[in-house]
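None of the figures in this text is laboratory data; all of them are computed from the coordinates on show. Here the structure is a predicted model, which is why all the values come from computation and not from measurement. In this analysis, Cβ positions are derived from the backbone assuming ideal geometry, glycine residues included, and neighbour counts consider all displayed protein chains.
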Amino acid sequence: MVTVPVAAAGLIAMVRLGAEELASRLSVLNPVHLYLACFFPAAAAIVYLMLRPRAVYLVDYAGFRTPSNCRVPFATFLEHARQLPEFNERSIRFMTRLLERSGLGNETCLPPTHHYIGTHKYCTVDAARAEFELVAFSAIDDLLAKTGIGPDAIDILIVNCSLFCPTPSLVDIIINKYKLRSDVRSMHLSGMGCSAGMISVMLLPNCLFRIGGAAALLSTSSAKARFRLKHVVRTLTAADDSSFRCVFPEEDGEGHRGINLSKDLMNIAGNSLKANITAMGPLVLPAREQLMFAFSFIARKVIGKRVKPYVPDFRTAFEHFCIHAGGRAVIDELQKSLSLSDEQVEASRMTLHRFGNTSSSSLWYELAYIEAKGRMRKGDRVWMIGFGSGFKCNSAAWECIEPARNAHGPWATSIHRYPVDVTDVFKH
């Protein structure tokens, strides 16, 4: 920041001296001093360029479009549940209330295995591997076709899947399928929950989660890039026992395995989001909003809690918001906390309605919705907010470089029907 004005001032002074005067002054200088005067600024510039973080760009992304034969209307789901001896009428009523208030629609999908009655008999390792291949290969094929980049150009492969960890690993399956180079660097993230990663596939088979996945191609080159990553903020509260156990897989007294959701989940998520926002705010908010927040903070320290805390207006920092479609209550709470309009949370609500909770890939379905609606413009800023067990809150700020030309993607067959009215209780 200081180097450029100083260099400009020096250049102006040299021009004013004239060629003859400048030459005469340089001739009296010690050659060693002249060499050092040229060497150190050049060396400092080189070191700065080498040490500064390289920009990360999103070349493109693709979401898995679930086939229509995987669709599970509420009536079908509940009818299958009634055929299972593990569920009594009380359980069916609970699942019915849960589905009616979940924000999901009748077009959400489950993997082929879960269309059989007596699903547990068919939940084998082979079936899980087939589900992963269906989701991952479809998304990757679409991504490579959109970008025109061949598998040989891939340097790093990252796969996120929380519950399915086979041997060979999921990255090995992809490397074998696409014959990636032998020197490709690969990572398999497991157990990271709904807040993880840029490449996300989640395989949770219950009435809240649905099949889905996304693939994203990142690069340090701006060539062909569509978005630039501005900031990433990660918040992890696993050191706190209540946060650590708020979403916890365990077995009940009869040995049935499930996921225990704590009644304090929303409070824990709110505290995690607050910490994440506190870290993200100084990076993205304009000076006015930061000053207002600082004045509010100081006033509360001096006067006390009688002063209402100032909530920064993040609408001044972002044009679009992608909130993890983990449930209607999560979206409602964030809309209220951040004072967002219905249109600003529309992508999250419609993604939940059309595709359900597809875990961390839901953010990419939401971005695809915004683009399919033609709302993305060059220079627009996008805030992605994801939540996950642990408890984690991860967020990323993107800037659009080039809007999509053909943006339908996973919404190709349904975008014309959206948005739809999502009532508090959906009667099926």
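Calculate the spin-label point distance for Ala279 paired with His231, positioning each point 7 Å from the Cα along the beta-carbon direction, and give it in nanometres.
1.2 nm
Using Cα pairs closer than 8 Å and at least 6 residues apart in sequence, work out the relative contact order for region 57-417, in percent. Numbers along the way, then the final one.
Numbers: 652 pairs, mean separation 86.9, N = 361.
After rounding, I find 24 percent.
What is the sum of charges, Lys and Arg at +1 and Asp and Glu at -1, for the other residues whose Cβ falls under 12 Å from the Cβ of Glu289? Please list the in-between numbers first.
On the way: positive: Arg288, Arg315; negative: Asp313.
That works out to +1.
Using modelled backbone amide H atoms (1.01 Å from N, in-plane), which distant-in-sequence or interchain residues come within less than 5 Å of Ser186's amide H?
Result for Ser186 returns Leu157.
What net charge do the residues around Trp411 carry, taking every other residue with its C-beta under 10 Å from that of Trp411, with Lys and Arg at +1 and Asp and Glu at -1? Don't jump to the answer; show the numbers that get you there.
Values: positive: Arg65, Arg354, Lys373, Arg417; negative: Glu371.
Value of the local net charge: +3.
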